[in-house]
Amino acid sequence: MRPLDIEPDAPATGETSWFCCGAAWGPCGSTGHGACGTCNSGSRQCAWPNTSDACFAITRPDRCGEDLLRRTCGHTFFVRNLCRTTEIAVKIADCGPQTDLWCGERSCCGGSCATNRIFDLTPSAFSAIGNLSSGIIPMAVHS
Amino acid sequence: MLDSLDRRRFLTSAVLGTATTVVTATAVGAVSPEVAMAQPAFDVEPGGIDPNFAEGRITGIKSGVLMVTGSDNTLHQIYLTSGTSVWKLRPTTMDAAQVGDGLYARGVRMPDGVLAADAVWLNIVNLQVHITSIGKDVLHLDHNGERIVGHVVGGTTAAVYNGTPAVSDLGLLKVGQHAQVLGAWIPDTNEVEIATVFAAA
């Protein structure tokens, strides 16, 4: 599988969900500012499964056949919902998702599908390209 | 039918303009958040605070405006119209909003600081959990070491196994299994009503 990094014009596809971080209400209230110490639900940020050796040891995208390059805190990705044309820019603020818990999971919209959870977005970022109540969307991402 | 940008202009006018304009915006009707959110790209600096987004808890409701205190103590005024998409466990109307509810909102930030909302999600949570036990109409969950009680709501709760279409049958869920629970928090408790549980089959 081609490493996801990548050439600017070569987006890879996968699934993304959303997660809360920073100051929050309800069950999110105990969540901190993420592995990078900068994460906030209201900011255009993301989590990436390979931000460090320690991160990778938890998320293990390789177990799903995903060869994700090391990208560290503050790296910018460009992401869009496979069913939309709008692309947003987000910065890495946390480690995640735990890709190996969801190997083979597939999301589709229209006739477009993507497999494996390789990305997570803050509510601000996710809601800019999708509906929070959908929980998961297929997306394309590139650096 | 109005495209999303036209709709945004209507919502903006609804906040800034006359009662007649508000009626016009209302007449447009609700659209899905996905459509409402179709925006020009790169409207916000990567990593930056999104001015067109708000989170927090409702502290007051007056004439279609939600007074919200952000978790970082930022104060927001969120303007709703009947065209605003509202979710509270399921798609609903602005009447469902109550003082004490948590929310996320997306819309257009007006010059006076009011957020004209295209979409509001009330009490929505999206939790990575382990299922610790399964009872009648309830899932007991572990979320980062904290116990969460997940209530199954007849006619609403659905399961998605490995990305297959949602079904009402939760029979494939297992104790000890990892899952993702999308639902509505019951304010000031450790309980949620489950909209969708995502799990491996």
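The values are calculated or read from the model by the stated rules, or taken from the named source; none is laboratory data. The structure displayed is predicted, hence computed values, not measured ones. Counting neighbours? That spans all protein chains shown, and the Cβs are built from the backbone with ideal geometry, glycine included.
A few notes on this one:
- Hits in region A:102-128 (condition: surrounded by fewer than 19 Cβ atoms within 10 Å (Cβ to Cβ), out of contact with any helix residue (DSSP H, G or I) (no Cβ under 6 Å at 6 or more places or on another chain) and under 22 Å from A:Asp62 (Cβ atoms)): A:Gly104, A:Arg106, A:Cys113
- Residue selected from region B:87-133 under the condition touching a His at 6+ places or on another chain (Cβ under 8 Å) and closer than 26 Å to B:Thr157 by Cβ, by the criterion farthest from the other protein chains (Cβ to nearest Cβ): B:Ser133
- The strands (runs of 3 or more DSSP E) found wholly in region B:71-145 and carrying at least 1 residues that are under 30 Å from B:Val175 (Cβ atoms) and of a type outside the set (Phe, Trp, Tyr) occupy B:85-88, B:90-92, B:102-109, B:124-135, B:138-143.
- Looking only at region B:138-195, and only at residues there that are among the aliphatic types (A, V, I, L, M) and over 22 Å from A:Phe19 (Cβ atoms), the one that is surrounded by the most Cβ atoms within 10 Å (Cβ to Cβ): B:Val152
- Within region B:63-89, the residues that satisfy the criterion of being modelled with pLDDT under 95 and more than 26 Å from A:Val90 (Cα to Cα) are B:Ser63, B:Gly64, B:Thr81, B:Ser82, B:Gly83.
- Against the test of being within 9 Å of chain B (Cβ to nearest Cβ) and under 14 Å from the mean Cα position of the chain (by Cα), the options A:Glu15, A:Glu105 yield a single qualifying residue, A:Glu15.
- Criterion (of a type in the set (S, T, N, Q) and surrounded by fewer than 22 Cβ atoms within 10 Å (Cβ to Cβ)) met by exactly one of A:Thr76, A:Thr59: A:Thr76
- For the residues B:Ala30, B:Ala36, the requirement of being surrounded by 14 or more Cβ atoms within 10 Å (Cβ to Cβ), within 14 Å of chain A (Cβ to nearest Cβ), more than 30 Å from A:Phe77 (Cα to Cα) and modelled with pLDDT under 95 singles out B:Ala30.
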